[in-house]
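The values are calculated or read from the model by the stated rules, or taken from the named source; none is laboratory data. This one's a predicted model, so the numbers in the text were calculated from it and none came from an experiment. Here Cβ is always computed from backbone atoms with ideal geometry, including for glycine, and neighbour counts include all displayed protein chains.
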Amino acid sequence: MKRARDAFAPRLAGREIGTVTSVATGIAKVSGLANVGFEELVKFPGEVLGLAFNVDEDEIGVVLLGDCWLLHAGDEVERTGRVMDVTVGDGLIGRVIDPLGRPLDGKGRVVSSARLPIERPAPAIMDRAPVTVPLQSGLKVVDALIPIGRGQRELILGDRQTGKTAIAVDTIKNQAGQNVVCVYCAIGQRASAVAKAVASLRAQGAMDYTVVVVAEGNDTPGLTYIAPYAATSIAEHFMEAGRDVLIVYDDLTHHARAYRELSLLLRRPPGREAFPGDIFYIHSRLLERATHLSAEKGGGSITALPIIETEAQDISAYIPTNLISITDGQIYLSPSLFELGVLPAVDVAKSVSRVGGDAQRATYRSVAGDLKLAYAQFEELETFARFGATLDPNTRASIEHGRRIRACLKQAEGAPVSMPEQIAVLLALTAKLFDRIPLERMGDAEHAVREAAAQIPAAVRARFDTAKSLDEGDRTSILDLARGALAPFQPKPSDKPAAKKAGTEAKSGPNGAAPREVPAEKKS
């Protein structure tokens, strides 16, 4: 004990403490912290945290990450000397947390030994690799016409209640067994909507490889603002470990509005639609972190699916155009198609994947290469035909073929389609095997072709991933299976003569007999 007393040397630890001068909804003004840095974490009474956002000469504007009614003018505030960070690691998989890493699922404390700052620089250009590996969504219209690659950023936009979240959640469900970690970031959503999405993921076992980060609609704007950055840091941990990650931001419209609210409260100069001048930068620095790393850096990737809500189908509004220019393509959902019952309501003409065929398997390109062009031509001809113009046989055939394409691309929510089933359906479409099927039976016919795809030989299935394109023998074997599946749905040759015969009976009497003579008194 004597040696311990002799070795002990008391040390003084400096603490920098300031004072709260005013409190408003979501923000606080602080004085007395002369050495605080931009975006440094500060601590208020009651374990309320804040981010130093405005660093002025006389006072600091702080974004609160907790309830503002717990604070009052005159309260002490202390520097922490660190930036905002979040818990990362495998312990988060299957959990529902808030942007601060606190559990929301009632399963106890999150166990993890690592933390990462929520704001990190994007990987350098030389550390990146081209996007060449597809990320299958399980949606026929997306995988065939708007392919997504691992490391790509694909925007999903459309009016409210058109199925944007459904596409993202179905894509997460389709990653089962694909060695892809998923991060679902709910930004400003209703608690009931988030609970429904989480229950849907859990029901199909998707929570086994998914992390859910939630900032609810009634949370402070500060939590809503940091939510996507925290979720991206969680995804980057897995990417840097060499794994493929899918991250969904649902949705960035609420994120932009939360940032606008904070900026106006902190008296930052407003610009177009009252958004601050750096509104583009907050989203560009977020989405630049989604990429495909080179083999030297582990070869991991982050695929980002940001969601944006449009108003009255206006995709040229401020925030949508910002996100369109940042991302590598967009999937546009049309309210008109949604009202017609075409689900998912993807408007193929306004949707694009700028990575294109590089992110699509060669077998898809060989069976769906002309499908988008044929569908676009059909939509134009269908609009023209509404005017009642007389159509030549070729035009009528193109319209009928387009209607079969639209019917085949319909898909129920929560029912992803496997790659062999998609290829069988798409090959039958391009070979025009569906053209003689009545439209009212197209759903059953398409389902029959999907069931027949289970009989595709294993050797042919193996070539779906490796071959540059389907050879003639593979095409023939798949088409023979499709023809056999569609045979019961083909109109019978006797259908039309039977109709004519029925008409003849009406004129000539039953069993082909001559018409009965009508008595003279009845004629008069």
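Do we find that Thr310 is buried (at least 18 other Cβ atoms within 10 Å of the Cβ), at pLDDT 95 or above and more than 30 Å from Phe238 (Cα to Cα) in this structure? Give the steps one after another, and end with the answer.
On the way: buried (at least 18 other Cβ atoms within 10 Å of the Cβ): yes; at pLDDT 95 or above: yes; more than 30 Å from Phe238 (Cα to Cα): yes.
It is true that Thr310 is buried (at least 18 other Cβ atoms within 10 Å of the Cβ), at pLDDT 95 or above and more than 30 Å from Phe238 (Cα to Cα).
Mind checking which residues of region 130-179 are among the basic types (Lys, Arg) and outside any helix (DSSP H, G or I)?
At the first step, the residues of region 130-179 found to be among the basic types (Lys, Arg) are 140, 150, 153, 160, 164, 173.
Within region 130-179, Arg150, Arg153, Arg160 meet the criteria.
For the structure I just gave you, tell me whether Glu296 is part of a helix (DSSP H, G or I), out of contact with any Leu (no Cβ under 8 Å at 6 or more places or on another chain), in the same structural domain as Val111 (by TED's automatic domain parsing) and crowded, with 17+ Cβ neighbours inside 10 Å. Give the steps one after another, and end with the answer.
On the way: part of a helix (DSSP H, G or I): yes; out of contact with any Leu (no Cβ under 8 Å at 6 or more places or on another chain): yes; in the same structural domain as Val111 (by TED's automatic domain parsing): yes; crowded, with 17+ Cβ neighbours inside 10 Å: no.
In short, no.
Are there strands (runs of 3 or more DSSP E) fully within region 35-77 with at least 3 residues that are more than 16 Å from Thr220 (Cα to Cα) and acidic (Asp, Glu)? List them. Even if it seems obvious, please write down each step before you answer.
Details: elements: 40-44, 48-55, 60-64.
Correct list: empty, since no element meets the threshold.
For Pro221, indicate whether it is more than 20 Å from the chain's Cα centre (by Cα) and not assigned by TED's automatic domain parsing to the domain that holds Asp67. Talk me through it step by step, then tell me what you get.
Details: more than 20 Å from the chain's Cα centre (by Cα): yes; not assigned by TED's automatic domain parsing to the domain that holds Asp67: yes.
In short, yes.
Every residue, every condition in (1) in a helix (DSSP H, G or I); (2) surrounded by fewer than 21 Cβ atoms within 10 Å (Cβ to Cβ); (3) of a type in the set (D, E, K, R), yes or no:
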| position | (1), (2), (3) |
| --- | --- |
| Leu305 | no, no, no |
| Ser316 | no, yes, no |
| Thr321 | yes, yes, no |
| Ser366 | yes, yes, no |
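Taking the criterion of being small (Gly, Ala, Ser) and over 17 Å from Leu139 (Cα atoms), would at least one residue in region 406-425 satisfy it?
no
Can you name the helices (runs of 4 or more DSSP H) wholly within region 390-463 that have at least 2 residues being modelled with pLDDT under 90? It would help to see each step written out before you state the result.
Working: elements: 393-409, 419-430, 442-452.
So the answer is 393-409.
Could you tell me which residue of region 187-218 is nearest to Ala415 (Cα to Cα), considering only residues that are within 17 Å of the chain's Cα centre (by Cα) and assigned to a strand (DSSP E or B)?
Of region 187-218, the ones within 17 Å of the chain's Cα centre (by Cα) are 187-189, 193-194, 196-198, 200-201, 206-207, 209-214.
If we keep only those that are assigned to a strand (DSSP E or B) too, we end up with 187-189, 210-214.
Numbers: Ile187: 25, Gly188: 27, Gln189: 24, Thr210: 18, Val211: 21, Val212: 21, Val213: 24, Val214: 25 Å.
Here the answer is Thr210.
Among the candidates Gln175, Gln152, single out the residue that is crowded, with 24+ Cβ neighbours inside 10 Å and either at pLDDT 95 or above or among the acidic types (Asp, Glu) (or both).
Numbers: Gln175 fails: crowded, with 24+ Cβ neighbours inside 10 Å.
Answer to the selection: Gln152.
Restricting attention to region 85-129, report how many residues are part of a loop (DSSP other than H, G, I, E, B) and of a type in the set (Asp, Glu). Steps first, answer last, please.
Restricting attention to region 85-129, the residues satisfying the condition of being part of a loop (DSSP other than H, G, I, E, B) are 89, 93-95, 98-102, 104-113, 118-124, 129.
If we keep only those that are of a type in the set (Asp, Glu) as well, we get 98, 105, 119.
Qualifying residue count for the region: 3.
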